[in-house]
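Undergrad: Once you've had a glance at the structure underneath, I'll fire off some questions.
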Amino acid sequence: MAKNKPIIYFICTGNSCRSQMAEGFGKKYAGGDFDIYSAGVEAHGLNKRAVEVMKEVGVDISNHTSDIIDPEILNNALYAITLCGDAEERCPYTPPHVKRIHWPLQDPAKTTGTEEEIMAVFRKVRDQIDKLVYDIIEEARQTLKEE
């Protein structure tokens, strides 16, 4: 963990879908300006559908690992962003300098229906995450310029 780069930490329940997609987009948009991590309150493994829908937009997350929250990364983060209500409630305390943000996103892994319907929800959530991550990276850049 490089101490000189600001950290953006994406947190979900199982670190299998939403936080993984957010990490993928974060690394795409950060351009080396930030250290991007994701984790879960638990580690559920990487969701194959999340890997597939990210590949569709040219972001490879297939080598990501499903990790539990690292207190050192969390306590040194510029932003700690929860992507589901469970993670928001169960995320450990963060020091005042860590900006906590919550994005109440639907869990695509809980979608039922045909494979086509399930993948449609994964794509919808992926596209929401794409915009949110792009915007937060831009906000973080602006914040750092003002400091």
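Undergrad: Filter Lys48/Lys131; Lys48/Lys124; Lys27/Lys99; Lys48/Lys99 down to the pairs with a C-alpha to C-alpha distance above 27 Å, please.
TA: Lys48/Lys99
Undergrad: Here's a follow-up. Can you tell me the length gained on complete extension of the stretch Asp60 to Gln142, counting 0.36 nm per residue apart and subtracting the Cα distance?
TA: Answer, rounded to one decimal: 26.8 nm.
Undergrad: Which three semi-axes in whole Å describe the equivalent ellipsoid of segment 59-134, each the square root of 5 times a Cα gyration tensor eigenvalue, listed largest first?
TA: 27, 14, 13
Undergrad: Sort Arg100, Arg49 by accessible area with a 1.4 Å probe, largest first.
TA: Listed by decreasing accessible area, they come as Arg100, Arg49.
Undergrad: While we're on this one: 222 nm [θ] for the chain, helices only, -39500 (n - 2.57) per DSSP H run of 4+, per residue, to 500?
TA: Roughly -14000 deg cm²/dmol at 222 nm, from the helical runs in the chain.
Undergrad: Leaving out ligands, DNA and RNA, what percent of the accessible area of the chain is carbon and sulfur, probe 1.4 Å? Walk me through the numbers on the way to the answer.
TA: On the way: 3670 of 7370 Å².
The value for the chain is 50 percent carbon and sulfur by accessible area.
Undergrad: Where in segment 6-43 does the label zone of Glu115 land, with the point 7 angstrom along Cα→C-beta and an amide N cut-off under 18 Å?
TA: none
Undergrad: Defining a contact as two alpha carbons under 8 Å apart and six or more residues distant in sequence, what relative contact order in percent does segment 79-147 show?
TA: 25
Undergrad: Any idea how far the Cα center of segment 42-58 sits from the one of segment 10-39, in Å?
TA: Between the Cα centre of segment 42-58 and that of segment 10-39, the gap is 12 Å.
Undergrad: Taking only C-alpha pairs under 8 Å that are 6+ residues apart, what is the relative contact order of the chain in percent?
TA: Details: 263 pairs, mean separation 40.1, N = 147.
Worked out over the chain, it gives 27 percent.
Undergrad: Run the quick spin-label model on Lys131 and Glu89: label points 7 Å from Cα toward the beta carbon, then report their separation in nm to one decimal.
TA: 2.8
Undergrad: Here is a further query. Å³ per residue of the Cα convex hull, for segment 25-87?
TA: Taking the convex hull of the Cα positions in segment 25-87, it is 105 Å³ per residue.
Undergrad: Right, next: Determine the per residue accessible area of the chain with all protein chains present and a 1.4 angstrom probe, expressed in square angstrom.
TA: Here the per-residue accessible area is 50 Å².
Undergrad: Further, regarding this structure: Would you calculate the separation in nanometres between label points at Gln106 and Glu42, each defined as 7 Å from the Cα along the Cα-to-beta-carbon direction?
TA: Between Gln106 and Glu42, the simple spin-label model gives 2.3 nm.
The values are calculated or read from the model by the stated rules, or taken from the named source; none is laboratory data. Quick caveat: nothing in here was measured; it's all calculated off a predicted structure. We place every Cβ from the backbone using ideal geometry, glycine too, and count neighbours over all the protein chains shown. Ligands, DNA and RNA are excluded from the accessible area calculation, which covers all protein heavy atoms including side chains. Shrake-Rupley method; radii C 1.70, N 1.55, O 1.52, S 1.80 Å.
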